[in-house]
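Participant: I'd like to ask you about the structure that follows.
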């Protein structure tokens, strides 16, 4: 299995890039939004690794319990089964994190527009009630990306 990461700040256009790439490569996409929460932006990684990436790398089906945001606050929802695929795309903030870098076949970084426009895109996607949380999220991800040095390790910057 080839492992591709599409990473970058919120509202940059990662999901759009991942969908287009998946169509082109006949790949499966697993969004980090299915794992992350406001209170746990990145520490959920072992669930993705143990439930999806490791089994798929062995040619087995993976599965995970996705976050359900339907009531405005995340809670564990239904199970998602991920069948073995030639290419798995992990899309979202922290997808190309340093700890997975040695296993990645391709790491893409999506810059997108400036932070103010990215905030507006994210608010349009998630709703006005999310604005304050999205601002805090942007503060978090600035620190995360600075420490992880994600962009500098990307194979390609879009």
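Participant: Check region 99-110 and report whether any residue there is modelled with pLDDT of 95 or more, out of contact with any strand residue (DSSP E or B) (no Cβ under 8 Å at 6 or more places or on another chain) and closer than 23 Å to residue 12 by Cβ. Give the derivation first.
Facilitator: We begin by selecting, within region 99-110, every residue modelled with pLDDT of 95 or more; these are 99-110.
From what is left, the residues that are out of contact with any strand residue (DSSP E or B) (no Cβ under 8 Å at 6 or more places or on another chain) are 99, 102.
Those left that are additionally closer than 23 Å to residue 12 by Cβ: 99.
Scanning region 99-110, I find at least one residue that is modelled with pLDDT of 95 or more, out of contact with any strand residue (DSSP E or B) (no Cβ under 8 Å at 6 or more places or on another chain) and closer than 23 Å to residue 12 by Cβ, so the answer is yes.
Participant: Residues being in contact (Cβ under 8 Å) with a residue 60 or more places away in the chain and in contact with a helix residue (DSSP H, G or I) (Cβ under 7 Å, 6 or more places away or on another chain): count how many of those fall in region 109-150.
Facilitator: Here the count works out to 9.
Participant: Continuing with the same structure: Being surrounded by fewer than 18 Cβ atoms within 10 Å (Cβ to Cβ) and out of contact with any helix residue (DSSP H, G or I) (no Cβ under 6 Å at 6 or more places or on another chain) is the filter; apply it to region 34-44 and report the residue that is nearest to residue 68 (Cα to Cα).
Facilitator: Applying the filter and picking the extreme gives 37.
Participant: If you scan region 102-157, which residues turn out to be closer than 20 Å to residue 87 by Cα and outside any strand (DSSP E or B)?
Facilitator: 102, 103, 104, 105, 110, 154, 155
Participant: Where in region 1-101 are there helices (runs of 4 or more DSSP H), lying wholly inside it, with at least 1 residues that are closer than 22 Å to residue 112 by Cα and without any contact (Cβ under 8 Å) to a residue 60 or more places away in the chain?
Facilitator: Working: elements: 14-25, 45-48, 54-57.
The qualifying helices (runs of 4 or more DSSP H) are 14-25.
The values are calculated or read from the model by the stated rules, or taken from the named source; none is laboratory data. Since we're looking at a predicted model, the values are computed, not measured. Quick reminder, even Gly has a Cβ in these numbers, built from the backbone with ideal geometry, and neighbours come from all protein chains shown.
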